[in-house]
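So the structure is just underneath, and the comments pick up after that.
Please treat every number below as a calculation from the coordinates, not as lab data. Predicted model, so just to flag it, every value in this text is computed and none were measured. Don't worry about glycine lacking a Cβ; one is built from the backbone with ideal geometry, like all the others, and counts go over all protein chains shown.
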């Protein structure tokens, strides 16, 4: 059980694809001007990433090592084609708001990165957990930044009008860059503070143990 | 003539791939630490974008549409781009070893560059807003021109960014901001500067 907890925590926080590894930046910067499209992108990536991880993990003994990258790309491109058809048919709003970025999921570094770094070495269940965790990490990051950009840039949330005050710059790529950059800085800083606090606590505990042993 | 100028201006400035469309951000952030590598990457991307569009556009319009297999475009395009990049690498290696030494290492990275797949997907869509109504042959020529000009715009922003990052190295940044965050804040200012070009009405 501990193994799955570690995979989940890595995907969500310590190796968060958006903030810690800075992967999949194109859709992030292109779509966070609207919380709806950012979250839609995240959910699509969760589904595609989980399926591609499971498929690649199932096929990992069959795929020859020399041609593995083209094989992964075929699998991912097929999944993206399916996703595109399904979205166009059932969620046309989302299909329109994602625009060109839907096809570009094929070259999203997160999916190929997870296939190469994780799925081809682990069993399907672990690969599925890893896919969901990383996808969730990506979705949460995109949604949070999307909410910030849309609220301040357009004065609305998920398309619902909230206030008249708005900083138009934040709804453009320039604002996306600045919000993304500052979010990474904040995330890295918070994690750093937590880890330092944990280290200090562990050191203190070790010292106390040593002291009590010395007294005995 | 007016259309050609309009296409070039749109691709290089008003709809710049990095600052307006946010395609191809990975190489933009990853390879822009030094001006020399930024130029190499920019030239390689420009070349691949133009050649990829020149190959994929006729395949889509004259093979895939008549056969009604448009839905396979993603799979087709990514394979065409991957094999093109491989082929280009071999050709450059044979013809000009010095050029290969300068940009050979960037070529394999381009396969998974969103800017290349992005431009091939973009030009097969509805481009009437940029081209006006033109014949099929003219649309093909303009599409290749658009891809080439978009590559030039990409190179331009890469060079600006690398210059700024080289300067930035001389200053101390707070620990949390070092690396990617400060690069993104810098990129944000470049985007703001490029917003000026929105007022070019062509």
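If one takes the longest principal axis of the Cα atoms in chain B, at what angle in degrees, from 0 to 90 and to the nearest 10, does the Cα axis of helix B:73-95 lie? Taking the Cα atoms of chain B, the angle to B:73-95 is about 70 degrees. Counting only DSSP H runs of at least 4 residues, each contributing -39500 (n - 2.57), and dividing by the residue count of chain A, the helix-based mean residue ellipticity at 222 nm comes to -23500 deg cm²/dmol. For residue A:59, project a label point 7 Å along Cα to C-beta. Then give me every residue of the stretch B:57-93 with its amide nitrogen under 15 Å of that point. From the stretch B:57-93, the list is B:75-76, B:79.
Against chain B, whose longest principal axis is taken from its Cα atoms, helix B:180-194 shows a tilt of about 60°.
So what's the angle, to the nearest 10 degrees on a 0 to 90 scale, between helix B:114-124 and the longest Cα principal axis of chain B? So the inclination is approximately 30 degrees. In plain terms, the chain from residue B:2 to residue B:59 could stretch by 17.7 nm, reckoned as 0.36 nm per residue minus the Cα-Cα distance. A crude spin-label estimate for the pair residue B:166 and residue A:194, with each label 7 Å from Cα along the Cβ direction, gives 4.0 nm. Its DSSP H runs of at least 4 residues, each contributing -39,500 (n - 2.57), put the calculated 222 nm mean residue ellipticity of chain B at -21500 deg cm²/dmol, to the nearest 500.
Computed over the stretch A:2-215, relative contact order equals 34 percent, with contacts defined as Cα pairs under 8 Å that lie 6+ residues apart. By the count of other C-beta atoms within 10 Å, a proxy for reagent exposure, B:170, B:26, B:191, A:140 are ordered fewest to most as B:170, A:140, B:26, B:191.
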